[in-house]
Amino acid sequence: MHHSRFTKPSLAFAIAVTGISAIALTGCSGAPAAGAPEPTATASAPTPAGTPSAGLPNIVVVDAGGTLTSTAEDRISYQHYSDDIEGGVLTIVEDLYPELAAIANVSVVPTASLGWSAAVTDETLYTVSRVIDEQLTNPDVDGVVVTGGTNVLEEDAYFFDLTVQSDKPVVVTGAMHQYGTFTYDGYTNVFSSIRLAASGKTTCYGTVVLLNDQFFAARDVTKTDGYRMDTFVGGAYGALGVVNESVIRTMRAPARVIDCGTERWATPFDLSHITAADLASVEIVGSYVDASSATISGSAEGADGLVTAGHGPGSVSLAQSEALEAIADDVVVVSATRTSGEGTYNTPDADTIGAGDLLPQKARLLLQLALTFTDDRTQIKDWFTSIGERQFDFSSSAG
């Protein structure tokens, strides 16, 4: 079983804005930390997309692939994919000039590609998150835009939201239709994302997702359609705001902005203290009519945590319920629901942790990170409330 690696080993993340050649996790001697796997992901130095202008914000675009840089078989087909475009996102960004020159100084970092959504792993999410944070430690960088495949974009974004330690703007975007099709939406999504990041209006928001001129909180956003441009929605809470040409309207904010500028703003999940191999193993199990106990026992084997995607307020079948009781001492269980809405909540004596209104795939990420940094179930339950369900609270300043 997994044990928390949160012992703060002496690690250094070697990736500079000039001359990046590889991501290296090293001990004090410069060699890989004892017992740590060799890093496999690499990132290159940012490539300027245009001539920098004094006085403009500096935005780094992290190229992590996706439909944004894919082509189709022809200009009227968006259901069948062909090759990726040469140059990746740098080609897209360069096509946005000269208009982009009035918005920001933009450079592009090719990185371990998130690429095809089905190929995304915990390791690639870890790597891209580290790249984002390292870029943002440069005082000259004002924000980051990240591209990725839209099928799991909401998970990419929430992982970054939970792990990136900088409060500078992070905007995740992609495209629903391929480059070269009549309906390609990549140009406007990238342009608007750069505009939003450059505006600074989402400072301390954490990670946001922007497509179709709307931007959403990473914890709320979800994809609802495989092809439509308006596929992303913000659940019960809606969009944070919109980008209408040069006008950016922010209508609401994630609750964490109340802690902007304080130590409380960042989450405890600082990836600089761990390697990708340290990430806990967490599975998701769905419930349905007459679901068998094997769905629980099989998934729990070798796992550190389990998220149930129950029905209604998180209910599972009787057989699954009995199986959950049998593994309660060995596996941390979080109850989520396949039904959108109010979600699942903690009860005083229950071993199972309520996910609140986090979707199962989002609850999995929070549980994975929580188990990576602690074995304390009380602490994990608290994090699902204080981080997963963070709310505005002005009571401390009342009176």
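The values are calculated or read from the model by the stated rules, or taken from the named source; none is laboratory data. Keep in mind the model is a prediction, meaning the values are calculated, not measured. Cβ: placed from backbone, ideal geometry, glycine included. Neighbour counts: every protein chain shown.
Computed values, structure above
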{"read-out": "The lone exception for Ser53 - which of (1) surrounded by fewer than 22 Cβ atoms within 10 Å (Cβ to Cβ); (2) of a type in the set (S, T, N, Q); (3) within 22 Å of Arg228 (Cβ to Cβ) it fails", "value": "(3)"}
{"read-out": "Failed criterion for Thr347 (all others in (1) over 22 Å from the mean Cα position of the chain (by Cα); (2) within 30 Å of Ala276 (Cα to Cα); (3) assigned to a loop (DSSP other than H, G, I, E, B) hold)", "value": "(2)"}
{"read-out": "Pairs where the first residue, in the range 250-268, is in the same structural domain as Gln214 (by TED's automatic domain parsing) and surrounded by fewer than 14 Cβ atoms within 10 Å (Cβ to Cβ) and the second is modelled with pLDDT of 95 or more and β-branched (Val, Ile, Thr), C-beta under 7 Å, 6+ apart", "value": "none"}
{"read-out": "Single condition Glu283 does not satisfy, out of (1) within 30 Å of Arg130 (Cβ to Cβ); (2) in a strand (DSSP E or B); (3) modelled with pLDDT under 95", "value": "(3)"}
{"read-out": "Search result, residues across the range 302-327 that are without any contact (Cβ under 8 Å) to a residue 24 or more places away in the chain and either among the hydrophobic types (A, V, I, L, M, F, W, C) or not assigned by TED's automatic domain parsing to the domain that holds Ala350 (or both)", "value": "Leu318"}
{"read-out": "Residue list for the range 289-314, filter: among the polar types (S, T, N, Q) and in a helix (DSSP H, G or I)", "value": "Thr295, Ser297, Ser299"}
{"read-out": "Test: residue in the range 363-382 that is at pLDDT below 95 and within 19 Å of the chain's Cα centre (by Cα)", "value": "no"}
{"read-out": "Residue match in the range 209-224 (condition: out of contact with any helix residue (DSSP H, G or I) (no Cβ under 7 Å at 6 or more places or on another chain) and surrounded by fewer than 18 Cβ atoms within 10 Å (Cβ to Cβ))", "value": "yes"}
{"read-out": "Conditions (1) under 20 Å from Thr224 (Cβ atoms); (2) within 21 Å of the chain's Cα centre (by Cα); number of the one not met by Val334", "value": "(1)"}
{"read-out": "Some residue of the range 162-172 being in a loop (DSSP other than H, G, I, E, B), of a type in the set (Lys, Arg) and either more than 20 Å from Tyr205 (Cβ to Cβ) or in contact with a Gly (Cβ under 7 Å, 6 or more places away or on another chain) (or both)", "value": "yes"}
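The rows are residues; the columns are (1) part of a helix (DSSP H, G or I); (2) touching a strand residue (DSSP E or B) at 6+ places or on another chain (Cβ under 7 Å); (3) among the β-branched types (Val, Ile, Thr); (4) not assigned by TED's automatic domain parsing to the domain that holds Pro98.
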residue: Arg195; (1), (2), (3), (4): yes, yes, no, no
residue: Lys201; (1), (2), (3), (4): no, yes, no, no
residue: Val209; (1), (2), (3), (4): no, yes, yes, no
residue: Tyr227; (1), (2), (3), (4): no, no, no, no
residue: Asp230; (1), (2), (3), (4): no, no, no, no
